[in-house]
Amino acid sequence: MEIITINEFIHLQEKNFPYSKGDLSSLLYDMAIAAKIVHREVNRAGLADILGEMGSTNIQGEDQKKLDVIANDLFIRALRAGEKCCGVASEELDDFVAFGRKGMSHGHYVVCIDPLDGSSNIDVNVSIGTIFSIYRTLEADRPAVEADFLQPGRKLVAAGYVLYGSSTMLVYTTGNGVNGFTLDPSIGEFLLSHPNMRIPEKGAIYSTNEGNVSGMSKGMLAYLDHCKSKNNDSGKPYAARYIGSLVADFHRNLLKGGIYIYPGTTKDPNGKLRLLYECAPLGFICEQAGGKATDGINNILDIQPVELHQRCPLFIGNAAMVDKAMEFIKTHG
Ligand code: AHM
Ligand code: MG
């Protein structure tokens, strides 16, 4: 197979947008560079015990930061320095940050990011990820305002994720299909390894935290029974697979076919996941790969956000499996 680096690929894709000034391309390069640095930090994480526990004080007497805070700082620094993005909303920050100083160009994009998703897996050497989405600002040439971030997923210009797994991968879409790149650490490059990713039309994996069943709706319980029965379309029970890192669970299901569900429960009617930097970007990627994402009723990409850290139930994966789950919700409530 021809060797194509992510930089070459992004440049080639620019040709789909004849009037492009290359700003989105630069922004995507910035994300890829920051991802490589975060990859390095994630891979050193196991050395924390030897080099000093995270959250404790390091040898110079400085406080050591947790990995998710480090990742947040790295992405924000890369985006600020790149000058193509005028603001970032992050899971790690209560409010968005707006970039801009006199004489600096502001860029026409804002980024929403979960810098290190799968927080419970960070300290136990299990796959974690980064999720990001990119919107065009509502007006050009000014620092970001909140309304720039509060746009439905249908308005996304690009979205992607980085999976820090047995290898590190960056998968992204700009609305022209989904492509995946694997980091070759020996040369420090993301290389195109998964061109034009499509979710298989049939799947036989379901991924959800069944520890929460006591708070799940009748429809969810009925759907889970369906997954475990022989009455589903595969004629045998689906396999239950749940890593507890959304990026890793989503990525596996994207390659193998399956559904990931984080439903609302009696305790948390809107579930746990965040619309802007978890559900919408993965929904966009999933749709671009031929799949579907809903909150159980509405398409994720049609939901109008009203606040930055809004939570939302998520049903994501093969269109047929998501439709089936929604059918159960509709019938059983
Ligand atoms: P986080 O952003 O605090 O890491 O939470 C999101 C994560 C997802 O990656 C994962 O799918 C889910 O939370 C797991 O939650 P639970 O432990 O409730 O099953
Ligand atoms: Mg998260």
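The values are calculated or read from the model by the stated rules, or taken from the named source; none is laboratory data. Quick caveat, the model's predicted, so the values are computed rather than measured. Cβ coordinates were reconstructed from backbone atoms using ideal geometry, including for glycine residues, and neighbour counts include every protein chain displayed. Side chains included, ligands, DNA and RNA excluded: accessible areas come from the protein's heavy atoms. Shrake-Rupley method; radii C 1.70, N 1.55, O 1.52, S 1.80 Å.
For the range 175-213, residues that are in contact (Cβ under 8 Å) with a residue 24 or more places away in the chain and part of a loop (DSSP other than H, G, I, E, B) total 15. Among the residues of the range 14-67, those that are of a type in the set (Lys, Arg) and at pLDDT 65 or above comprise Lys15, Lys21, Lys36, Arg40, Arg44, Lys66. Scanning the range 280-333 for residues that are charged (D, E, K, R) and open to solvent by less than 40 Å² (accessible area, probe 1.4 Å) gives a single hit, Asp295.
Scoring Lys218 on the criteria (1) basic (Lys, Arg); (2) closer than 21 Å to Thr266 by Cα; (3) in contact with a Pro (Cβ under 6 Å, 6 or more places away or on another chain) leaves a single failure, condition (3). Is there a residue in the range 140-153 that is in contact with a helix residue (DSSP H, G or I) (Cβ under 7 Å, 6 or more places away or on another chain) and open to solvent by 30 Å² or more (accessible area, probe 1.4 Å)? There is no residue in the range 140-153 that is in contact with a helix residue (DSSP H, G or I) (Cβ under 7 Å, 6 or more places away or on another chain) and open to solvent by 30 Å² or more (accessible area, probe 1.4 Å).
Looking across Ile128, Ile122, one residue alone is within 22 Å of Glu278 (Cβ to Cβ), open to solvent by 10 Å² or more (accessible area, probe 1.4 Å) and either aliphatic (A, V, I, L, M) or within 16 Å of ligand 2 (Cβ to nearest atom) (or both). It is Ile122. Counting the residues of the range 291-332 that are part of a strand (DSSP E or B), within 17 Å of Arg154 (Cβ to Cβ) and of a type in the set (A, V, I, L, M, F, W, C) gives 3. Of the strands (runs of 3 or more DSSP E) contained entirely in the range 75-139, those carrying at least 1 residues that are away from ligand 1 (no atom under 11 Å from the Cβ) and among the small types (Gly, Ala, Ser) fall at 85-90, 128-136. For the range 239-261, give me each residue that is more than 16 Å from ligand 2 (Cβ to nearest atom) and open to solvent by 20 Å² or more (accessible area, probe 1.4 Å). Of everything in the range 239-261, those that are more than 16 Å from ligand 2 (Cβ to nearest atom) and open to solvent by 20 Å² or more (accessible area, probe 1.4 Å) turn out to be Ala239, Ala240, Arg241, Arg252, Leu255, Lys256. For the range 1-45, a residue qualifies if it is β-branched (Val, Ile, Thr) and within 16 Å of Gly175 (Cα to Cα), and exactly one does: Ile10. Here Tyr277 fulfils each of the conditions (1) touching an Asp or Glu at 6+ places or on another chain (Cβ under 8 Å); (2) in a loop (DSSP other than H, G, I, E, B) apart from (2).
Within the range 140-150, being farther than 18 Å from Lys84 by Cβ and outside any helix (DSSP H, G or I) holds for one residue alone: Leu150.
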